[in-house]
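The structure appears right after this line, and notes come after that.
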Amino acid sequence: IPRGPQKRGLERRRKLIDTAFRLFESTPIEEVSYQDIASEAEIPLPSCYHFYPSKVDLIRAIAEDQTEAFNAEVFAPIDGDTLTSWERVIEVWLLRAIAFHQDNFARRQIFLGRHMPAEVRLDKQMRERTIAKNLQALIASHFEIPASPGIDRAFFQAIEISTLMVSLPMRSMIIWPT
């Protein structure tokens, strides 16, 4: 358990992530400055730069944090009694994924928005590879997946396609809250 300055630093990092995420829930990310986040978090701007050298680095940390929340929520165990096919596993997974993003403007911006910085978009590919492995493991926990060359790539492409398909209607939901 961290103590002293290390604990304080971790608390400040958490506060910056939580504060920025809360601001992004009601405001387009590009309209929120690093100064806005620092002021709202009541952390001096120079300290913010110490923890996250740029707003992009903070957005990346939020995306990582929200990816952990996504994995915990979306890949929670599925009651085996309701599953009759691997397609049903995917349906449950997809409905959970949609629900995770649907009512949260910040998540839609970070994960589905078109205007994310290049670094965040590159990180997204790595996150989607992990999500593909998690989906493969979820299906394999209920059904046998035949060994096949390229199966990992097929799951990754399935995630990319499902992300695109989910993002199209949700992009219309990226309407700035009033």
query = How long, wide and thick is the chain, going by the Cα atoms along their three principal axes, in whole angstroms, largest first?
reply = 54, 42, 31
ask   = Hey, which lysines would be in cross-link range of residue 133, C-alpha to C-alpha under 27 Å, not counting anything within fewer than 8 residues on its own chain?
value = 124
query = Given segment 34-82, what whole percent of its Cα pairs are spread farther than 18 Å?
reply = 48 percent
request  = Work through the residues other than residue 27 whose Cβ is under 12 Å from its Cβ and net out their charges, Lys, Arg +1 and Asp, Glu -1.
outcome  = -4
ask   = Which percent of the accessible area of the chain is formed by carbon and sulfur heavy atoms (probe 1.4 angstrom)?
value = 56 percent
remark   = Cα pairs beyond 16 Å in segment 1-106, in percent, come to 64 percent
ask   = Suppose every K and R has +1 on its Cβ and every D and E has -1 on its Cβ; what is the size of the dipole of segment 12-135 about the Cα centre, in Debye to the nearest 20?
value = 320 debye
key: Heavy-atom accessible area per residue - segment 59-178, 1.4 Å, Å²   = 57 Å²
task = Using the Cα centre as the reference, give the magnitude of the dipole from point charges on the C-beta atoms of segment 77-165 (Lys, Arg: +1; Asp, Glu: -1; all else neutral), rounded to the nearest 20 debye.
result = 420 debye
request  = Sum -39500 (n - 2.57) across every DSSP H segment of at least 4 residues in the chain, then divide by the residue count to get the 222 nm mean residue ellipticity, nearest 500.
outcome  = -22000 deg cm²/dmol
query = Where nothing but the Cβ of Lys and Arg (+1) and of Asp and Glu (-1) is charged, how large is the charge dipole of segment 1-72 around its Cα centre, in debye to the nearest 20?
reply = 480 debye
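The values are calculated or read from the model by the stated rules, or taken from the named source; none is laboratory data. Values in this document were obtained by computation on a predicted structure and should not be read as measured data. Note: ideal-geometry Cβ built from the backbone for every residue, glycine included; neighbour counts use all protein chains shown. The area values use the complete protein model at the heavy-atom level, side chains included, leaving out ligands, DNA and RNA. Shrake-Rupley method; radii C 1.70, N 1.55, O 1.52, S 1.80 Å.
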